[in-house]
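Visitor: Starting off with a structure, shown below.
The values are calculated or read from the model by the stated rules, or taken from the named source; none is laboratory data. Please read all numbers here as calculations on a predicted model, not as lab measurements. So basically every Cβ, Gly included, is an ideal-geometry build from the backbone, and we count neighbours across all protein chains shown.
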Amino acid sequence: MNATAESIPPAAARWTLMLLILANVLSVGDRMLLGVVAEPVRIELGLSDLQMGLANGFIFVLFHLAGGLVIARFIDRGRRMRILVLCIIVWSVATAAMAFVHDFASLAIARVGVGVAEAAVFPAAMSLIPDLFGKQSRGRALAAFQTSGFLGVMACTSLAGVLAGSLGWRGMFMIFGAAGVLFAVIVQLTAREPVRADRIAEAPASLPGLRDVGAACARVLALPGFPCLALAFGMAAMVGAATGAWAPAFLQRSHGVSLAEVGLAMGLASGLGGICGTLLAGVLIDRLAARGAPFPAMLRIPIVCLPLSVPLLLGFIFAPASGPAVLCLGALSFLLGCAVAPCVTCAVACVPATDRATASILMLVAAGLIGSSLGPLLVGAASDLLAAGSGRESLRHAMVLVSGAPPAAVALLLVSRRQMQAMPGDDALPLRYRAASGSG
């Protein structure tokens, strides 16, 4: 049964938050699994770097985002926990199916299943958390959830490397798939569904159509500064997506790191760096709010952090040994974590409760199309083109392409901050938006 935010005991709200965090840990971890074992999968299936880039990036992201736009409207209108449980089961079964792929087509189909179902986690959490916690603790709860992506990178990639090294990559996919189904049962039995802050009626029979999805997207995209914010988020995501997809293969090819070691090294570096950066960003956001700063002020954080990420990315690429490369990767993840949290928090803050999931999925659309799709694909294609002249080092030179993304993101963030109204919360929304969304 549903409960109001006031009637849910604090312990139950914190437990539900923990389940949402774990769901995102599993979601991010499952999508990272192919990157960890990209090299043995490519060799066994006889695929090119371009095909691996398509499966790991473009194909996954295309269906992830297309499905996410529709799923987000289901979440904005229906039983959020029920939708989340169903999607966890679907992507876990698809993850287990990765153990049986035998060519590029079967690999792509399995990745489509993972991508579509995983689209539910982020918008569900962005819709649920503000209804589980009051304004005084909401910022910390949102920051805690946003660390879960890095927890997923750290925990799942480390474990994936160990499991793949001992059981093979097919056995690794089977174990992660079974764990996801078990987790879905736990969520179904123990999670609490709060009543929405806007008190809209939940009507599962009234399914969102394309017109409803389009209208919601149009409302959000009409907000001053939101398009530039989403584009900047996508450009910043390109760095994390490219390193997440290709760093394991790069460390194996250029530095001779073993499969078991690469998962542990990358997981710890990326995970710890990202978690610390996200938590620090959350503290800085709360301090800005305590001073009465308008919500666009939080964009100062990524404007400072993103330019600093460029030398660290280049340091990772051109480090002479694996140790310095991993240290640079950890510092890079720290700065990316500092940049991601303010962008997402700003996007959720500038829309009413009825469109939170839609706003969050539009941010993911930008991150997916620009970052997760183009990033790995461009690196993979460039690596194939450079292979004749650079050999095993072609991937090293191809990864330099993404170093131009952070400066572009900063330019877009400067435009977004200037365009956004200098008031926090729903009161800053343009009158035409409030009328269209029914929020006032």
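Visitor: Being at pLDDT 85 or above and loosely packed, with under 14 Cβ neighbours inside 10 Å narrows it down to one residue among Gly404, Gly425; which is it?
Guide: The match here is Gly404.
Visitor: Can I ask one more? Quick one: count up the residues across segment 338-352 that are crowded, with 24+ Cβ neighbours inside 10 Å and not in a helix (DSSP H, G or I).
Guide: 2
Visitor: Which one of the conditions (1) surrounded by fewer than 20 Cβ atoms within 10 Å (Cβ to Cβ); (2) in a helix (DSSP H, G or I) does Thr243 fail to meet, given that it meets all the rest?
Guide: In the conditions (1) surrounded by fewer than 20 Cβ atoms within 10 Å (Cβ to Cβ); (2) in a helix (DSSP H, G or I), Thr243 misses (1) alone.
Visitor: Being within 17 Å of Ala179 (Cα to Cα) and surrounded by fewer than 23 Cβ atoms within 10 Å (Cβ to Cβ) is true for just one of Ala97, Ala117, Ala105. Which residue is that?
Guide: Within the list Ala97, Ala117, Ala105, the selection yields Ala97.
Visitor: Could you say which residue among Ala290, Ala245 is under 22 Å from Ala398 (Cβ atoms), out of contact with any Cys (no Cβ under 7 Å at 6 or more places or on another chain) and at pLDDT below 80?
Guide: Answer to the check: Ala245.
Visitor: Cβ contacts < 6 Å: first residue within 14 Å of Met32 (Cβ to Cβ), restricted to segment 231-244; second residue polar (S, T, N, Q), any location; separation 6+ or different chain. Result?
Guide: Listed by first residue and then by second, the contacts come to Ala241/Ser372.
Visitor: Within the bounds of segment 73-81, is there any residue that is aliphatic (A, V, I, L, M), crowded, with 19+ Cβ neighbours inside 10 Å and closer than 19 Å to Pro194 by Cα?
Guide: For segment 73-81, residues aliphatic (A, V, I, L, M), crowded, with 19+ Cβ neighbours inside 10 Å and closer than 19 Å to Pro194 by Cα: present.
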